[in-house]
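These notes are about the structure you will find just below.
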Amino acid sequence: MPAQDSLWLHLDRPENLMVVTSVLWTRTPVDPARLRSVVSDRLLARYPVYFQRAVRRGRRLAWETDPGFDLGKHLVVRDLPEPADQAALQEFVAARRSEPLDPKSPLWTIDLLQGYRGGSALVCRTHHSMADGIRLTQVLFSLLDRAEGETAPHAKVGGAGPNREAVAQPVVRFGAAMLRALGDTGAKVQRQAARVHPVLETAVALPVLGATAAAGATGAAAGFLTSALSGGPRRAADLVAGAATTLWHSATGTGELLGPSTATGLWDGEPGVEKTAVWGEPIPLHALARVGHDTGTTLNDVCTALVAGALDRYFAAHGTARPDPSDLGWLIPVSLSSFDDELPADLGNHFSLVLAQLPLGRRTFAERLAEVHRRVARIRDSYEPVLTFGMQYAIAQSPAVLGLPASRFFAGKAVGVLTNVPGPRAPMTLAGAPVEGIVGWAPCSGRQAITICIFSYAGEVRFGFGTDRKLIPDPEALVDALAAEFAEVAR
């Protein structure tokens, strides 16, 4: 078993299982026999790992075909308990998120729940060692068929290289990046100095102000000089400035990953075994896209800013909001390969976890959105996904005595995991039954307390929250907070 896959078995804890959980539901009942045929043809016949169990061979783990494999043990059909509504389904999913998979069998299960709001629900659980969540989502999509007459393709995501925004003056952009980084660092140093003594704060403020002014003047001068160039010299200057910005962004992200945690004090404590799973009503995708179009941001930016606003509302309602603007760290999965219909037969993990700081305490949604856009653009214009993948690989190759503490250190940088999955753009069917909605969560690790998913499907976006019941017993409040945030944005 490759090290980047076996790592997730080593990270398994009863309090945070390394299991990816997905849920979809249909308008009409799913025929069990037809579903078994679909699973056999599109899952078992394509990916041998679904027949295999994890076994130890000396110091290493390996995949071994389960001689007693029985599809009936992995694909289970049952009735959803009355009243078979969304609350009942969420309770079932929460219970399944709390249960470990059988280590003596292939590490996956599918529950077909009959009777959910007159249709069916499918709850899929797959261990992270089999594949990363992005590839498992593709596997889930492969079980679906396009509704008759629908031709819209799946959204495409993934890729390891930097994605640089087009700007008129790359040199000025590099100067602005340096200036902002210097200002952010200076503000943090001043805040720390103020806690010691006002005189020390003043002493620190003067050199920070001088350095910022000098950097600003240098950037302005460089921008003026390059604007006077043309042809080859201008293109060369722009190319160098663009590359320098990318390297600077990469260094900034690496510094945040190696620096102090921003998760301390919020949802702090040891998680328990019992988990939750909730999701809200869908939001029209066109409404969110219109906000992005009007503000010059992306759909991902708008959705992420809504999550930040919901967190602000939640913390304010619970009396735990910080008095000044602050950041909250989240781990975001990034695929290192393109999102397509051709997956390798052995699946496996080929993704990176990047650290993203969500802004808290901003006064308006516009402020949050602008800050989210800037931070996400910085990550996209960097080699951070590749660098963090290298760190993950090094941890996976390290002895457990070194690798496990290192993984817990990096997991402690964030309160949880935030995923944004662009699902099928057109309506789909599962074994002939029209699919109405899909949500899915990546697992938490270490002491993380929450996993949030943003899932788009057929013109709608759903936000789902999976929490640790001990540390966050009221995930419904997060659903309500997000609905209130969107209602205010819509107004």
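Can you name the residue in the range 50-66 that is part of a loop (DSSP other than H, G, I, E, B) and modelled with pLDDT under 95 and is also least open to solvent (accessible area, probe 1.4 Å) among such residues? For the range 50-66, the residue satisfying everything is Gly58.
If the condition is being within 24 Å of Leu369 (Cα to Cα), part of a loop (DSSP other than H, G, I, E, B) and at pLDDT 95 or above, then the range 258-281 contributes Gly280, Glu281.
Can Val76 be described as β-branched (Val, Ile, Thr) and touching a residue at least 40 places away in the same chain (Cβ under 8 Å)? Don't jump to the end; show me each part of the working.
Details: β-branched (Val, Ile, Thr): yes; touching a residue at least 40 places away in the same chain (Cβ under 8 Å): no.
It is false that Val76 is β-branched (Val, Ile, Thr) and touching a residue at least 40 places away in the same chain (Cβ under 8 Å).
The C-beta contact set for the range 88-117 (first residue under 18 Å from Trp8 (Cβ atoms), second residue among the aromatic types (Phe, Trp, Tyr), distance under 6 angstrom, 6+ apart or interchain) comprises Pro106/Tyr50.
In the range 357-371, the residues that are closer than 13 Å to Thr298 by Cα reach residues that are in a helix (DSSP H, G or I) and open to solvent by 50 Å² or more (accessible area, probe 1.4 Å) with C-beta atoms within less than 8 angstrom, at least six apart or across chains, in these pairs: Leu369/Thr295; Ala370/Thr295. Restricting Pro434, Pro424, Pro385 to those that are surrounded by fewer than 17 Cβ atoms within 10 Å (Cβ to Cβ) and either in contact (Cβ under 8 Å) with a residue 12 or more places away in the chain or within 30 Å of Leu122 (Cβ to Cβ) (or both) reduces the list to Pro434. Six or more apart or on different chains, Cβ atoms under 8 Å: show the pairs whose first residue is in the range 318-344 and open to solvent by 60 Å² or more (accessible area, probe 1.4 Å) and whose second is in a strand (DSSP E or B) and modelled with pLDDT of 80 or more. Filtered contacts from the range 318-344: Arg322/Leu360; Pro325/Pro359; Pro325/Leu360. Each residue in the range 1-49 was checked for being part of a strand (DSSP E or B) and either surrounded by fewer than 19 Cβ atoms within 10 Å (Cβ to Cβ) or free of Cβ contacts under 8 Å to residues at least 60 places away in the same chain (or both), and 1 of them qualify.
For the range 282-298, the criterion of being touching a Cys at 6+ places or on another chain (Cβ under 7 Å) and either over 19 Å from Phe465 (Cβ atoms) or assigned to a helix (DSSP H, G or I) (or both) is satisfied by at least one residue. Tallying residues that are open to solvent by 10 Å² or more (accessible area, probe 1.4 Å), of a type in the set (Ser, Thr, Tyr) and either part of a strand (DSSP E or B) or closer than 17 Å to Ile438 by Cα (or both) within the range 98-125 yields 1.
Tell me, please, whether a residue that is modelled with pLDDT of 90 or more, under 25 Å from the mean Cα position of the chain (by Cα) and among the β-branched types (Val, Ile, Thr) can be found in the range 154-173. Scanning the range 154-173 turns up no residue that is modelled with pLDDT of 90 or more, under 25 Å from the mean Cα position of the chain (by Cα) and among the β-branched types (Val, Ile, Thr). Residue-level check: of (1) buried (at least 21 other Cβ atoms within 10 Å of the Cβ); (2) out of contact with any Leu (no Cβ under 7 Å at 6 or more places or on another chain), Leu353 misses just (2).
In the set (1) part of a loop (DSSP other than H, G, I, E, B); (2) open to solvent by 30 Å² or more (accessible area, probe 1.4 Å), the condition left unmet by Ala95 is number (1).
Answer with yes or no whether Ala406 is more than 13 Å from the chain's Cα centre (by Cα), surrounded by fewer than 18 Cβ atoms within 10 Å (Cβ to Cβ) and in a helix (DSSP H, G or I). Outline the logic, then answer.
Details: more than 13 Å from the chain's Cα centre (by Cα): yes; surrounded by fewer than 18 Cβ atoms within 10 Å (Cβ to Cβ): yes; in a helix (DSSP H, G or I): yes.
The answer is yes for Ala406.
The values are calculated or read from the model by the stated rules, or taken from the named source; none is laboratory data. Remember, it's a predicted structure, so these values are computed and weren't measured experimentally. Every residue, glycine as well, gets a Cβ built from its backbone with ideal geometry; the counts of neighbours run over all protein chains shown. Surface areas here come from the heavy atoms of the whole protein model, side chains and all, with no ligands, DNA or RNA. Shrake-Rupley method; radii C 1.70, N 1.55, O 1.52, S 1.80 Å.
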